[in-house]
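Participant: Pasting a structure below so you can have a look.
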Amino acid sequence: MLSLYAAEHSQHAPGIEFWNGRAEPTVEVPARVEAILKGLKNAGLADPQPVTSVDPAEIGTLLAHIHTRAYLDYLPEAYERWVESGGDVNGVMPFISPGKSMQGIPQSGLARPGLFAFDMGALIKPGTAHAAYNAALTAFHAAQAVAQGQRAAYALCRPPGHHAGANFYGGYCYLNNAALAVETLRSTPGYHFERLAVLDIDVHHGNGTQDIFYGSREVLTVSLHMDPAHEYPFFAGYREERGLGAGEGYNINYPLPFGIQDANYLAALKDALDEIANFNPAALVVALGVDTYRSDPIGKFALSLAAYPKIGKEIARLSRPTVFVQEGGYDLNCLGDLVSGVLVGFENNL
Ligand code: Q9C
Ligand code: ZN
């Protein structure tokens, strides 16, 4: 399977995140990419190819379909404006965000993060925006390959993307790579990918992707995740969230209990894939988080190693052109085996 990654991901190394009011070392580290590359090679998947850094303009038009202009303008200048205004050189982190009735738009680089950040888990450092653009570029190239006839492709995106919405970022995510893959498929001239589906199997709810396509009946978004009543992102991911207006019925959430094991998880996945099959999309984007593994340091599911090839097999049974986009997964010892497990399980069942 065509696999792509961007070497410049390493320019993003946030180091810490705030959680429970404490600064903690973050699990979203550059070594994740090395671990996954090693896993892909061990599994004999085609050698991952580096995508080369380009002018943001190459994907700028497509990104403007999924993110607001105000947010896209903010991201690349956030660090400089923060430091100019007296912010800590260690990185951009909101310390004030507007209450519900506060509508003003500040110019101060100290306050602007509060307009867009929905948590304190996505520090912006000097290399962050560049790395995020390269991750998006990776998803773009993988989707383009599928639009042009490849059966499937894998984008090793870092930083991940599924918590980034039209005008917000957080949860280690800055640009929504999976949504960009959707827009790339939809915008490829002559390929007629009109109805598309996103299957999000990261252990956390894909709140950003849900936000971006919430009003659309052309893109079905389906997410399986830890029950948000008790876990991040807390404020989205409930079963009642089914889409809005024309999009009503085209967003499906599966909040699942902590400790869920292979059999029950695979049953929920089958149900989700049945919904996608009924929708009959021309192609599928998989937001591939593997933080569902039982020893993941932040996920609270209990899947075994053996679940991952089965997940790949179930996805293959849908028989659609498929773009895999990397999301979370933080157990560095197993990360490569989990990702390659899904991809090999998929390929062996085509
Ligand atoms: N003590 C993704 O998997 N909370 N984002 C972590 C750590 C934030 C996860 C708590 C989870 C964000 C892409
Ligand atoms: Zn996750």
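The values are calculated or read from the model by the stated rules, or taken from the named source; none is laboratory data. None of these values were measured; they are calculated from a predicted model. Cβ atoms come from the backbone with ideal geometry, glycine included; neighbour counts cover every protein chain shown. Ligands, DNA and RNA are stripped out before the accessible areas are found, and what is left, the full protein with its side chains, is counted by its heavy atoms. Shrake-Rupley method; radii C 1.70, N 1.55, O 1.52, S 1.80 Å.
Participant: Scan segment 70-91 for residues that are surrounded by fewer than 18 Cβ atoms within 10 Å (Cβ to Cβ) and within 20 Å of the chain's Cα centre (by Cα) and report the count.
Facilitator: Residues flagged as surrounded by fewer than 18 Cβ atoms within 10 Å (Cβ to Cβ) and within 20 Å of the chain's Cα centre (by Cα) within segment 70-91 amount to 2.
Participant: Are there strands (runs of 3 or more DSSP E) fully within segment 113-228 with at least 3 residues that are within 14 Å of ligand 2 (Cβ to nearest atom), open to solvent by less than 30 Å² (accessible area, probe 1.4 Å) and over 15 Å from ILE59 (Cα atoms)? List them.
Facilitator: On the way: elements: 152-156, 196-200, 219-226.
Fully inside segment 113-228 and qualifying: 219-226.
Participant: Now, a different point. How many residues, within segment 19-51, are open to solvent by less than 70 Å² (accessible area, probe 1.4 Å), within 16 Å of ligand 1 (Cβ to nearest atom) and not in a helix (DSSP H, G or I)?
Facilitator: Initial filter on segment 19-51 (open to solvent by less than 70 Å² (accessible area, probe 1.4 Å)): 23-24, 26-33, 35-37, 39-40, 43-46, 48, 51.
Then drop every residue that is not within 16 Å of ligand 1 (Cβ to nearest atom), which leaves 23-24, 26-33, 35-36.
Subset that is not in a helix (DSSP H, G or I): 23-24, 26-30.
Summing the residues that are open to solvent by less than 70 Å² (accessible area, probe 1.4 Å), within 16 Å of ligand 1 (Cβ to nearest atom) and not in a helix (DSSP H, G or I) in segment 19-51 gives 7.
Participant: Quick one: which helices (runs of 4 or more DSSP H) lie wholly within segment 249-350 and hold at least 3 residues that are within 16 Å of ligand 2 (Cβ to nearest atom) and within 27 Å of LEU175 (Cβ to Cβ)? Full working, then the answer.
Facilitator: On the way: elements: 262-279, 307-316, 335-347.
In segment 249-350, 335-347 are the helices (runs of 4 or more DSSP H) which contain 3 or more residues that are within 16 Å of ligand 2 (Cβ to nearest atom) and within 27 Å of LEU175 (Cβ to Cβ).
Participant: Which residues, taken from segment 1-40, are among the β-branched types (Val, Ile, Thr) and in contact with a Pro (Cβ under 9 Å, 6 or more places away or on another chain)?
Facilitator: Within segment 1-40, the subset among the β-branched types (Val, Ile, Thr) is 16, 26-27, 29, 33, 36.
Within segment 1-40, ILE16, THR26, VAL27, VAL29, ILE36 meet the criteria.
Participant: Next question, about the same structure. Residues being within 22 Å of MET120 (Cβ to Cβ), touching a helix residue (DSSP H, G or I) at 6+ places or on another chain (Cβ under 8 Å) and polar (S, T, N, Q): count how many of those fall in segment 206-247.
Facilitator: Looking only at that region, the number is 1.
Participant: Taking the condition within 18 Å of the chain's Cα centre (by Cα) and within 16 Å of ligand 1 (Cβ to nearest atom), does HIS12 pass? Can you show your working first?
Facilitator: Working: within 18 Å of the chain's Cα centre (by Cα): yes; within 16 Å of ligand 1 (Cβ to nearest atom): yes.
Criteria met by HIS12.
Participant: Same structure again: Being out of contact with any Phe, Trp or Tyr (no Cβ under 9 Å at 6 or more places or on another chain) and open to solvent by 60 Å² or more (accessible area, probe 1.4 Å) is the filter here, so list the residues in segment 230-256 that pass it.
Facilitator: PHE234, TYR238, GLU240, GLU248
Participant: Something else: So, in segment 297-330, how many residues would count as being more than 16 Å from ligand 1 (Cβ to nearest atom), of a type in the set (A, V, I, L, M) and in contact (Cβ under 8 Å) with a residue 40 or more places away in the chain? Before you say what the answer is, go through the steps one by one.
Facilitator: Here is the first cut: in segment 297-330, the residues more than 16 Å from ligand 1 (Cβ to nearest atom) are 302, 304-323.
Restricting the remaining residues to those that are of a type in the set (A, V, I, L, M) gives 302, 305-307, 311, 315-316, 318, 323.
Narrowing the set further to residues that are in contact (Cβ under 8 Å) with a residue 40 or more places away in the chain leaves 302, 306-307, 311, 315, 318, 323.
Number of matching residues: 7.
Participant: Out of segment 257-293, which residues are surrounded by fewer than 18 Cβ atoms within 10 Å (Cβ to Cβ) and within 16 Å of ligand 1 (Cβ to nearest atom)?
Facilitator: Result: PHE258, single match.
Participant: Kindly indicate whether THR138 is of a type in the set (Ser, Thr, Tyr), within 16 Å of ligand 1 (Cβ to nearest atom) and under 20 Å from GLN49 (Cβ atoms).
Facilitator: Working: of a type in the set (Ser, Thr, Tyr): yes; within 16 Å of ligand 1 (Cβ to nearest atom): yes; under 20 Å from GLN49 (Cβ atoms): yes.
Answer is yes for this residue.
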